[in-house]
Amino acid sequence: MPAGAPAGIAGAGITTADAPLASGPLVALLVPLSGRQEALGTAVRDGFVAALLEAPASRRFNAMIIDEARISAAEAHRQALDAGARAMVGPLLRESVQALAPLADELTRTMPGQMPVLGLNNLADTEPGVGGLWQFGLAPEDEAGEIAARAIALGQRRALVLLPASEWGQRLLAAFSAEFTARGGVVVDARTYLPGGTDFTVPIRSLLMTTEPRAPAPGSQANPGEKTGLGPGRRQDVDLIFVAANSSNGRQIVPQLKFFGAADLPTYSTSAIWEDGTTNADDLNGVVFPDSPWVIDPDSRALVVKNALARYWGRPAPGVSRLYALGYDAYRLLPEILRQPAPGPFGGGELAGTTGVLYADGSGRIHRRLSFAEIRGGRAVPLPSVAAMGGP
């Protein structure tokens, strides 16, 4: 039985790779359950198990759980194939998905339909999809594209971008710019910052073209109570600012943006700026971000699952809550994947999941349409969709 699992899981058909396998349809789950990425893999596993326990008997699989940190992706693939697994879910780490891709492709060529792989991460955009491999990750690029689409739909067509000087920041800039410009928007300017700092004055003032408060003209008669300055000014040729930041950096950056003149400028970020369960993020007030229904507005079923996970495994560590939803949706995707001869658009079109509305492209990469929230009073408040607001 996996370490830390609640009593009764063994009876549901959960096994480790070296334990006797239960009868019935078998799937293999490959996630890191030890080492540096243990918390991430454990969250995915627990969400996967929660979906398994909730499933009716007719849709319940037995699960063979393999520790991605202990064996290579190739060896895990061989073990799952030898055990007769109908499908493999995982790996979670990108380098493992890259290593497994050619094996999945070769298996599809020689034995079509045999053990498709639902990778829990994406290949690089420059790497084409391969036969037998579905890609399902919580890609921040999808979030950047969703931000671009919402902004354009609201008539916000001129953007500033503030991003970290990192590979992650460059990926978000590329994804946002591609979608924003494709929809008729213009990225007016961008600046980078060094993550982990506390003073972001230089890139913010440069990006906003902040001016000093304007004093009244000499000899003018101010009205009683009128302030002598108008506050810092900023450039007026933009409609929004997209800030790529995690919660720690965001709590420093957002107040400084307001201080230097952007208090009235719509401010967007990805879900990285928000930690699920936070109730005192006043420093982030006004930020709009996309996220999964699991985080922003869980339905009754998701709430039951979240409460059950907390009861069995305790409150999740910051940053891993969304991975429970990833594991949960991965299990629910299995019937769809096994129903199709090769990766591609779902036969039913879309699937309403806890990570978003899921749909697949022609290469089998699964994308998410997300919900939006605005941080108000330190809390994430769900926002209506653009269509519900009367927009396109």
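Each value in this text was obtained by applying a stated rule to the coordinates, not by laboratory testing. Treat the numbers as computed from the prediction; the structure is a model and nothing was measured. Don't worry about glycine lacking a Cβ; one is built from the backbone with ideal geometry, like all the others, and counts go over all protein chains shown.
Points worth noting:
- Rough spin-label spacing in nm, given labels placed 7 Å along Cα→Cβ, for residue 201 and residue 165: 1.8 nm
- Among 380, 28, 190, residue whose mean-square fluctuation peaks in a GNM of the chain (springs only between Cα atoms under 10 Å): 190
- Computed over the range 119-200: relative contact order in percent, which uses C-alpha pairs under 8 Å that are six or more apart: 29 percent
- Rh (Kirkwood; distinct C-alpha pairs) - the chain, Å: 22.6 Å
- Nearest-ten-degree value, helix 73-82 long axis tilted from longest Cα axis of the chain: 40 degrees
- Once the Cα atoms are used to define both axes, helix 38-54 deviates from the longest principal axis of the chain by about 60 degrees.
- Mean residue ellipticity, 222 nm, helices only, the chain: the sum of -39500 (n - 2.57) across DSSP H runs of n ≥ 4, divided by residue count and rounded to 500, is -10500 deg cm²/dmol.
- Packing rank of 103-113, 144-154, 235-245, 77-87, where each peptide gets the mean count of other beta carbons within 10 Å, highest leading: 144-154, 235-245, 77-87, 103-113
- Surrounding net charge for residue 256, when Lys and Arg each add one and Asp and Glu each subtract one, Cβ distance under 13 Å: +3
- Net charge, residue 285 excluded, C-beta distance under 12 Å - Lys, Arg +1, Asp, Glu -1: +1
- For the range 370-384, 3J(HN,Hα) per residue [Karplus equation, 6.51 cos²θ - 1.76 cosθ + 1.60, θ = phi - 60°, Hz, x = Gly/Pro]: 10, 8, 10, 9, 10, 7, 9, x, x, 10, 8, 9, x, 10, x
- Net charge contributed by nearby residues that have their C-beta within less than 11 Å of residue 34 (K/R +1, D/E -1): -1
- Computed as a quarter of the hull surface, the mean projected area of the alpha carbon convex hull for the range 38-162 stands at 11.0 nm².
- Spin-label pair residue 236-residue 251: with each label point 7 Å from Cα along the Cα-Cβ axis, the two points sit 3.7 nm from one another.
- Along each principal axis, Cα extent of the range 40-93, largest first, Å: 33, 27, 12
- Where only alpha carbons of the range 289-359 are counted, the Rg and the Dmax (Å): 13.5, 39
- Take every pair of alpha-carbon atoms less than 8 Å apart whose residues are at least six positions apart; their mean separation over the length of the chain yields a relative contact order of 17 percent.
- Here the chain carries DSSP beta bridges of which approximately 30% are antiparallel, counting only pairs with both residues inside.
- Remark: spin-label model distance residue 352-residue 34 equals 4.2 nm, labels positioned 7 Å along the Cα→Cβ axis.
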